[in-house]
Amino acid sequence: MRYRKLYNDAALVLSEEGDRTHCRGRGWSEEFCKEHGVGSLDWDKFVTSLCHKGLYKREEIEAKGIRYELFNGNLITFPVRDSKGQVCGFAARNVLYKDEDKTTHPKYRNTSDFVPIYNKSELFFGMHVASHHPEKRLDIFEGYADWMTMQDAGHRHCVALGGTALTHEHIK
């Protein structure tokens, strides 16, 4: 329960206080990004706000998998929700990433597998939205940014893997 509260509070702080400059650079609307809690936020500002919101301590936040590598000004951070819409993790896109420059790696980081409410190989990013728009088909995209682009364009019956591997757990 404490993980759920912490992760939902973290998504709320990102939604309320996040900067959308990097998101606008990708062509996503400010309103859409705020609605889905996607944005960038300075780590120290984020932690201070999160501690205040949920009466957390920095040590607890970091011990439960919320860390600098997922929240800072050079990242676009995406709350990852389960099919019911509860935040269970985060993914972050490094905006400084360049294929040819190994010092900018990695391109993406995700919540660690040790977090008990997060299992990347079972989650479709955006399923909580797609389930409200039933269609005869469900389009599956590779990444979080692909999903954002399609959703912002009005294509509601799609999800993303958040990577390149479609697993048996996804299909179940």
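The values are calculated or read from the model by the stated rules, or taken from the named source; none is laboratory data. Source: prediction; values computed, not measured. Note that each Cβ is placed from the backbone with ideal geometry, even for glycine, and that neighbours are counted across all protein chains shown. Just the protein is used for accessible areas: all its heavy atoms, side chains included, with ligands, DNA and RNA removed. Shrake-Rupley method; radii C 1.70, N 1.55, O 1.52, S 1.80 Å.
Descriptive notes on the structure:
- Count of the stretch 12-27 residues which are open to solvent by 70 Å² or more (accessible area, probe 1.4 Å) and outside any helix (DSSP H, G or I): 2
- Summed over the stretch 129-139, residues that are crowded, with 17+ Cβ neighbours inside 10 Å and in contact with a strand residue (DSSP E or B) (Cβ under 7 Å, 6 or more places away or on another chain) total 1.
- Residue within the stretch 4-11 that is without any contact (Cβ under 8 Å) to a residue 12 or more places away in the chain and farther than 16 Å from residue 143 by Cβ present: no
- Taken over the stretch 70-94, the criterion of being over 20 Å from residue 16 (Cα atoms) and either of a type in the set (Lys, Arg) or open to solvent by 50 Å² or more (accessible area, probe 1.4 Å) (or both) is satisfied by 83, 84.
- Residues being of a type outside the set (S, T, N, Q), farther than 17 Å from residue 150 by Cβ and touching a strand residue (DSSP E or B) at 6+ places or on another chain (Cβ under 6 Å) - total across the stretch 15-44: 6
- Just one of the listed residues (163, 154, 143) is over 18 Å from the mean Cα position of the chain (by Cα) and surrounded by fewer than 21 Cβ atoms within 10 Å (Cβ to Cβ), and it is 154.
- A search for C-beta distances below 8 Å between a residue of the stretch 20-44 that is in contact (Cβ under 8 Å) with a residue 24 or more places away in the chain and any residue that is of a type in the set (S, T, N, Q) and in a loop (DSSP other than H, G, I, E, B), counting only pairs 6+ apart in sequence or on different chains, returns 40/72; 40/74; 41/72; 42/72; 43/72.
Per-residue answers, yes or no, for (1) touching a Phe, Trp or Tyr at 6+ places or on another chain (Cβ under 9 Å); (2) modelled with pLDDT of 95 or more:
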| site | (1), (2) |
| --- | --- |
| 11 | yes, yes |
| 31 | no, no |
| 85 | no, no |
| 90 | yes, yes |
| 106 | yes, no |
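- Single residue of 54, 65, 37 found to be of a type outside the set (A, V, I, L, M), surrounded by 14 or more Cβ atoms within 10 Å (Cβ to Cβ) and in contact with an Asp or Glu (Cβ under 7 Å, 6 or more places away or on another chain): 54
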